[in-house]
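S.K.: My questions will all concern the structure given below.
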Amino acid sequence: MEHWMEPKEEGDFVTEYMFKLINRLKRCQEVAINKMEEMQVKRKTWYDKNAVKREFKDGDLVLVLATSRANKLAVQWIGPGTILNKISETNYLVEIPGRRETSQIYHTLLDNC
């Protein structure tokens, strides 16, 4: 008797299909994770090659690149502001005269005056 004519329980077919599907999905996930890690390394290398490290000291005068909440593409330089404190490697506490907030934390979207 040929293979396709043999009676087969439907439960076996469904179980076999599910195991194959789960294995395929796991392989796809592994490929996606490997590709993502590879691209992260590539992007970091490119960024580090072109990045300019900026260091400011307390009391330095800086301009702050400010975005508008209404239109994120509309940016302008505001200031000059004064560096009050270095919070972390890339964040600074800046005081800008004429602003509602007396001081605000900024990521290094700053430039020397």
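S.K.: Once you have the Cα-Cα distance between I22 and K72, take 0.36 nm times their residue separation minus that, and quote the gain in nm to one decimal.
M.R.: Extra length available between I22 and K72 comes to 13.7 nm.
S.K.: At a Förster distance of 30 Å, what's the computed FRET efficiency of Q104 paired with A51, Cβ-Cβ distance as r, to 0.05?
M.R.: 0.80
S.K.: Using modelled backbone amide H atoms (1.01 Å from N, in-plane), which distant-in-sequence or interchain residues come within less than 5 Å of R54's amide H?
M.R.: none
S.K.: Local charge sum around E95 (other residues, Cβ-Cβ under 14 Å, Lys/Arg +1, Asp/Glu -1)?
M.R.: After counting each charged neighbour, the total is 0.
S.K.: Within the set of other residues whose C-beta is less than 13 Å from the C-beta of K49, count the net charge using Lys and Arg as +1 and Asp and Glu as -1.
M.R.: Result for the neighbourhood of K49: +3.
Read the figures in this text as sums done on the coordinates, not as results from a lab. Everything numeric here is computed off the predicted structure, so don't read it as measured data. Reconstructed Cβ throughout: ideal geometry from the backbone, glycine too, with neighbour counts over all protein chains shown.
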